[in-house]
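The values are calculated or read from the model by the stated rules, or taken from the named source; none is laboratory data. Quick caveat, the model's predicted, so the values are computed rather than measured. Cβ: placed from backbone, ideal geometry, glycine included. Neighbour counts: every protein chain shown. Each accessible area value is taken on the protein alone, full model and side chains, heavy atoms only, with ligands, DNA and RNA left out. Shrake-Rupley method; radii C 1.70, N 1.55, O 1.52, S 1.80 Å.
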Amino acid sequence: MSIPKVCCLAIALAAVSLAPASAGRILDEGKLDTSWFGEDREFRKADEIDYLWVKPGFSLSGTKVQFAAWEAPEFMGEKAGDRDAKDKRLAGNLTGDMPEIFAEAFRNGLAGTVTVVKSGGGVKVVGRIVDCTEGSAAAKFWVGMGAGSGSTTFDMKFIDTKSGALVAAIHHRVVSGSNLSTTDSKFVKWVDEFAERLAKKGLEGLYNSGKRAKD
């Protein structure tokens with residue numbers, strides 16, 4: 001007995017309604033799963049930020065920001081299987097330091113604009129490392145040209161604490177290509193510079209001046 005067409009349509013609509021609303025795309029050579037941020041959004045490449053999304057009208061100015069503990073590292077991407085115990089240990093150490101790294105940068109770079117708090121606040125910031133490698137100091141020194149580069153790739157989201165809604169999202173890779181820097185020192189420097197850019201343009205200003213990020 002054949003199933004009536006109206007029943008087939010009802011089944012199809014039910015399947016669509018049950019599909020996860022957070023289904024997203026896999027970008028940046030597998031390191032960016034947009035579903036971690038919820039529904040898919042238009043990411044843009046902004047000033048020194050690989051992927052950035054900001055809710056229209058959102059501003060950090062005058063807000064109290066809490067940098068919460070980060071999630072455990074989740075190595076993703078085409079080279080996830082190449083990361084060794086040293087890389088994973090570095091990712092773990094950086095993860096524990098992330099809240100204070102960002103908090104200190106915001107206290108220094110955004111003083112008078114943003115108040116960093118240990119709990120509560122209007123915006124909560126969380127993140128995770130999705131790729132990390134120490135690189136090779138020897139290759140940096142002897143080979144150069146990007147050989148032996150260390151890097152940290154991370155996701156970070158800014159959440160409105162009252163509504164639970166996402167107000168900003170970042171996915172970025174920080175590279176240490178010089179033998180004068182390490183993976184972690186280069187990352188700290190990037191965070192300091194990120195806070196300085198926010199002081200000048202704000203998150204929405206950075207987003208509006210950016211261009212649609214390539215997949």
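Summary table below
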read-out	value
Distance between modelled label sites at residue 80 and residue 100, nm, 7 Å Cα→Cβ extension	3.0
Of 64/211; 64/124; 64/157; 86/118; 86/186; 45/79, pairs whose Cα-Cα distance is over 19 Å	64/211; 86/118; 45/79
Heavy-atom surface of region 44-109, accessible at 1.4 Å and reported per residue (Å²)	54
Rounded to 5, percent antiparallel among DSSP beta bridges of region 31-175	80
Label-point separation in nm, residue 201 to residue 45, each point 7 Å along Cα→Cβ	1.3
Extended-chain gain in nm, criterion 0.36 nm per residue less alpha-carbon gap, residue 117 and residue 72	14.0 nm
Residue 163/residue 214 FRET efficiency (R0 35 Å; Cβ-Cβ; nearest 0.05)	0.65
